[in-house]
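Engineer: One structure coming up, written as structure tokens, with questions to follow.
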Amino acid sequence: MAEMSKALPQENAVKEIMHRVACTESEARFIAAIEGGEIDGDCIELDEHGREIKPKSDSLRVA
Amino acid sequence: MPASDMGRDKTWQPAGTPVSSILRIEATGKVARVAKESLDVIDQVHGVGLSAHVAIPIVEGGSFSRPGVFEYYKGGRPVHIELSSRSSTPHIDFTHEVGHFLDHQVIGHPGEYASRAGNAVLSGWREAVEATEAVQRLSDLSEMSRFRVSGPGGGFRYVPVDRMYVRYLLRPQELFARSYAQLVAMESQNADFLTEMAILRATRGGLIKYPAQWRNDDFMAIRESLLRAIMEMKWRK
């Protein structure tokens with residue numbers, strides 16, 4: 001039940017992004033996760049305790 | 001030998017350690033099958049010379065929003081590659097993560113992305129990537145706030161560009177991983193890889209095209225530069 005109630009807002013967010021920025025569903029899923037702060041990309045850096053290090057927003061600059 | 005001949009005349013062979021020997025499949029089911037099939041293809045395209053001395057597991061993980069993951073500790077030590085069984089383009093997604101692993105652990109100094117660190121062996125690749133139409137379009141999009149797309153009734157509408165997503169696509173390590181996966185698809189001509197690449201490159205009306213992958217003609221200079229780097233690193237002989 002908890003999974004379902006969590007999944008619905010995520011699906012709504014994906015649909016909203018698909019419409020708002022005119023992208024595909026797979027792009028919208030990725031963008032939703034980035035915008036939601038869940039992920040920074042597909043490369044994950046861990047601290048010494050195995051926790052994900054979330055870079056600050058300025059790390060998104062093009063190197 | 002011109003780099004353009006390196007992929008076609010088959011006078012070369014993969015050299016050194018097979019990529020499959022530095023990645024250990026610990027997943028089961030679909031993920032294990034995809035990883036095995038992909039590694040068989042990669043092993044036919046290149047080895048990793050004599051310098052590789054790491055081995056990491058491949059596990060089931062990721063998610064619908066992030067089908068593949070490469071994980072490592074802050075100090076640089078690699079942890080594993082994850083692949084989701086729900087990926088719609090699993091061979092490309094997996095090979096993309098292998099690209100991250102090679103970039104981070106095998107090319108240049110272990111623990112830093114050679115693509116981002118300015119490693120000399122990738123200087124030709126860097127120039128080639130920056131000159132492509134796809135990357136120029138992404139660079140243009142990164143400066144735009146809105147983009148005109150066709151509307152459902154035949155007119156047009158303006159939609160905001162997701163510049164955070166575009167900047168992510170322009171990260172050097174992401175450009176490298178996407179280049180690498182496309183190179184493996186093109187060199188192997190494997191049916192699964194080519195089908196998935198077609199899915200990723202499909203264009204649809206009414207949407208902004210974020211060109212993550214390259215058209216074949218736009219990719220040729222990248223291909224040549226990567227094949228030169230592969231020869232230089234003695235991943236082929």
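Engineer: Do we have residue B:169 as open to solvent by less than 10 Å² (accessible area, probe 1.4 Å) and over 26 Å from residue B:34 (Cβ atoms) here?
Structural biologist: no
Engineer: I need the strands (runs of 3 or more DSSP E) fully contained in segment B:60-159, keeping only those with at least 1 residues that are within 24 Å of residue A:53 (Cβ to Cβ) and open to solvent by 10 Å² or more (accessible area, probe 1.4 Å).
Structural biologist: Passing ranges, in order: B:68-73, B:78-83.
Engineer: Let me ask another. Tell me whether segment B:218-235 contains one or more residues that are within 14 Å of chain A (Cβ to nearest Cβ), over 20 Å from residue B:96 (Cβ atoms) and touching a Ser or Thr at 6+ places or on another chain (Cβ under 8 Å).
Structural biologist: Within segment B:218-235, none of the residues are within 14 Å of chain A (Cβ to nearest Cβ), over 20 Å from residue B:96 (Cβ atoms) and touching a Ser or Thr at 6+ places or on another chain (Cβ under 8 Å).
Engineer: Across segment B:184-229, what is the total count of residues that are β-branched (Val, Ile, Thr), buried (at least 17 other Cβ atoms within 10 Å of the Cβ) and assigned to a helix (DSSP H, G or I)?
Structural biologist: 2
Engineer: Filter segment A:15-32 down to the residues that are surrounded by 21 or more Cβ atoms within 10 Å (Cβ to Cβ), more than 12 Å from residue B:149 (Cβ to Cβ) and at the interface with another protein chain (Cβ under 7 Å from one of its Cβ atoms) and list them by number.
Structural biologist: Passing the criteria: A:27, A:29, A:30, A:31, A:32.
Engineer: In this structure, does residue B:128 turn out to be more than 20 Å from residue B:59 (Cα to Cα) and in contact with a Ser or Thr (Cβ under 7 Å, 6 or more places away or on another chain)?
Structural biologist: The answer is yes for residue B:128.
Engineer: Another question, then. Let me confirm something: among B:47, B:29, which residue is open to solvent by 10 Å² or more (accessible area, probe 1.4 Å) and modelled with pLDDT of 95 or more?
Structural biologist: The unique qualifying residue is B:29.
Engineer: Right, next: Would you confirm whether any residue within segment B:140-159 is of a type in the set (Val, Ile, Thr) and under 21 Å from residue B:70 (Cβ atoms)?
Structural biologist: No, every residue in segment B:140-159 fails to be of a type in the set (Val, Ile, Thr) and under 21 Å from residue B:70 (Cβ atoms).
Engineer: Checking the conditions here, which among B:38, B:20 is modelled with pLDDT of 95 or more, open to solvent by less than 70 Å² (accessible area, probe 1.4 Å), hydroxyl-bearing (Ser, Thr, Tyr) and within 12 Å of residue B:94 (Cα to Cα)?
Structural biologist: B:38 is the lone residue from the list that is modelled with pLDDT of 95 or more, open to solvent by less than 70 Å² (accessible area, probe 1.4 Å), hydroxyl-bearing (Ser, Thr, Tyr) and within 12 Å of residue B:94 (Cα to Cα).
The values are calculated or read from the model by the stated rules, or taken from the named source; none is laboratory data. All figures in this text were calculated on a predicted structure; none of them were measured in a lab. Here the Cβ is made from the backbone with ideal geometry for all residues, glycine too, and neighbour counts use every protein chain on show. Please note that ligands, DNA and RNA were not included when accessible areas were found on the heavy atoms of the full protein model with its side chains. Shrake-Rupley method; radii C 1.70, N 1.55, O 1.52, S 1.80 Å.
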